[in-house]
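Shown next, in structure tokens, is the structure this report addresses.
Please treat every number below as a calculation from the coordinates, not as lab data. Small disclaimer: the values here were computed from a predicted structure and weren't measured. Because the Cβ atoms are built from the backbone with ideal geometry, glycine has one as well, and the counts that use them run over all protein chains shown.
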Amino acid sequence: MRIYFIGTGGGAPSFRGLPSILVKREGISILLDCGEGTQWRLMQHSLGFSSIDAVFITHMHGDHVLGLPGLIETMGLLGRKKKLYLGGPRGMKEFLEYSFSLTHFSPQFDLEFVSSLELGGLLVTAFPTCHVIESYGYILTERDRVNLDAERLRAEGISDWRILKSLKEGQVVKYGERTLDPEEYLSKRRGAKVVYTGDTAPCDYVLRAAEGADLLIHDSTFLDEPEAHQFGHSRAKDAALISQRTKVKALALFHISSRYADSAPLLYDARRFFSRTFVAEPLSFYDVKA
Ligand SMILES: [Zn+2]
Ligand SMILES: [Zn+2]
């Protein structure tokens, strides 16, 4: 799974751009949040958007959603035929319908509103977060992979594809005098897990969702703003403490306020509590492995 950080700032626009993350895996593309300017930033980086299969929005604050009507209208202009899956909070469907009707646009491709989605072995599910309005985070999980040790079977003189197929399906197979136990020939590779919080104060729902993730992308709006939590946001060190508790493999600081021209102090502060922290730099990418 490759994570492209398209825009990583929060609130007002800055050089970091507004929140948007593109997740790509084996031909599947999923966009998480779509702040204003997202389509422009995707174009600048030749990421294209005709391949996007689904867009999930965390909440209806403008910095996360105002790029979406424009993105969908451009998809229409480019002659898209492929269905687009959309997930998000209440109001998103009406927001899009109003925008389309007032700008005289009607998509010539299907829009399907979903609460969760599985595409090509990648599962997207939502969980509530602790923000000032209805808000969700998203968990992206790859299905575990089962591999059959065909080489070992071949070495033992077994190459009949029907036997291989049965073993892969977990069935015990009789082969002459022998009984072949699938457990001996199968190995499981755990799929990777990525969690994106959207905007949130430190939150029990996030603690539950993030458990054991390979990458946590967490709201890190502030360095030391005393009212951060009342605003429904986190400080970089809150994100680090949550990462420590949930034993994630890596933490990306995200949704950094435009008041910070330099993100280094947020990074240093977070690393005091969780060393595997990095700043989600705009237009960078990160490869996630389980
Ligand atoms: Zn925001
Ligand atoms: Zn917000």
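Given springs between every Cα pair under 10 Å in a Gaussian network model of the chain, which of Leu215, Leu32, Leu77 has the largest fluctuation?
Comparing Leu215, Leu32, Leu77 in a Gaussian network model of the chain, the most mobile one is Leu77.
When only Cα pairs under 8 Å and 6 or more residues apart are kept, what is the percent relative contact order across segment 145-188?
Relative contact order, segment 145-188: 47 percent.
Please compute the alpha carbon radius of gyration of segment 145-188, then divide it by the globular-protein estimate 2.2 N^0.38 Å. Two decimals is fine.
1.01
Amide H neighbours of Leu119 under 5 Å, at least 5 residues apart or on other chains, H built in the peptide plane: list them.
Answer set, sorted by chain and number: Val124.
Can you pull out the GluC sites (Glu not before Pro) in segment 1-77 whose DSSP state is coil and whose Cβ has at most 12 other Cβ atoms within 10 Å?
Within segment 1-77, the qualifying GluC sites (Glu not before Pro) (loop, at most 12 other Cβ atoms within 10 Å) are Glu26.
For Ile217, list long-range residues whose amide hydrogen, built 1.01 Å from N in the peptide plane, is under 5 Å from its own amide hydrogen.
Result for Ile217 returns Val195, Tyr196, Thr197, Ala252.
For segment 172-267, give the share of DSSP beta bridges that are antiparallel, in percent and rounded to the nearest 5; count only bridges with both residues there.
25 percent
Can you give the FRET efficiency for Arg245 and Gln44, using 1/(1 + (r/R0)^6), R0 = 45 Å, r = Cβ-Cβ distance, to the nearest 0.05?
So, using R0 = 45 Å, E works out to roughly 0.75.
Give the separation of the Cα centroids, segment 262-288 to segment 115-181, in Å.
Rounded to whole Å, the Cα centres lie 33 Å apart.
Assuming 0.36 nm per residue, please report the length gained on full extension of the stretch Leu123 to Asp149 beyond their Cα-Cα distance.
Contour length minus Cα-Cα distance gives 6.7 nm.
Please work out whether the chain counts as rounded, prolate or oblate from its C-alpha gyration tensor, where a ≥ b ≥ c are the square roots of the eigenvalues and a/c under 1.5 means rounded, while otherwise a/b larger than b/c means prolate and anything else oblate?
It is oblate, given that a/c is not under 1.5 and a/b is not larger than b/c.
Where does each of Cys130, Cys34, Cys203 land when they are ranked from fewest to most other beta-carbon atoms within 10 angstrom?
In order of increasing Cβ crowding within 10 Å: Cys130, Cys203, Cys34.
Give the residue list of GluC sites (Glu not before Pro) in segment 178-273 that are DSSP loop and have at most 10 other beta-carbon atoms within 10 angstrom.
Glu227
Restricting the count to DSSP beta bridges whose residues both fall in the chain, what percent are antiparallel, rounded to a multiple of 5?
Percentage antiparallel, nearest 5: 60.
Show which lysines lie in cross-link reach of Lys174 when reach means a straight Cα distance below 18 angstrom and same-chain residues fewer than eight apart are skipped.
Cα-Cα hits under 18 Å: Lys165.
So, R0 is 41 Å and r is the distance between the beta-carbons of Asp181 and Leu207; what FRET efficiency does that work out to, to 0.05?
Here the calculated transfer efficiency is 0.55.
Given labels modelled 7 Å from the Cα in the Cβ direction, how far is it in nm from Leu102 to Val132?
2.2 nm
Leaving out same-chain residues fewer than 8 places away, which aspartates and glutamates sit with a Cα under 15 Å from that of Lys93?
Asp33, Glu73, Asp110, Glu112, Glu134
Give me Asp181, Asp238, Asp262 sorted ascending by neighbouring Cβ count inside 10 Å, so fewest comes first.
By the 10 Å Cβ count, ascending, the order reads Asp262, Asp181, Asp238.
Give Lys247/Lys289; Lys24/Lys81; Lys168/Lys193; Lys24/Lys83; Lys168/Lys188 a once-over and call out the pairs whose C-alpha atoms are over 22 Å from each other.
Lys168/Lys193
What does the net charge come to around Ser135 if you take all other residues with beta carbon closer than 13 Å to its beta carbon, with K and R at +1 and D and E at -1?
-4
In segment 170-213, whose amide N lies under 18 Å from the spot 7 Å out along Cα-to-Cβ of Ser116? List them in ranges.
191-197, 205-213
I want to make sure I understand the PRE zone here: with the label point 7 angstrom from the Cα of Phe285 toward its beta carbon, which residues in segment 1-32 have backbone N atoms less than 13 Å away?
The answer is 1-6, 22-30.
At each listed q (0.14, 0.15, 0.23 Å⁻¹), what is the log10 of I(q)/I(0) that the Debye formula gives for segment 201-263 modelled as equal alpha-carbon point scatterers?
The Cα Debye sum returns log10 ratios of -0.36, -0.41, -0.89.
What chymotrypsin sites (Phe, Trp or Tyr not before Pro) in segment 1-34 are in a loop by DSSP, with at most 11 other Cβ atoms within 10 Å of the Cβ?
Phe15
Quick one: which residues, 5 or more positions from Gly87 or on another chain, have an amide H under 5 Å from its amide H? H modelled 1.01 Å from N in the peptide plane, none for Pro or chain starts.
So Gly87 has HN proximity to Val55, Phe56, Ile57, Val114.
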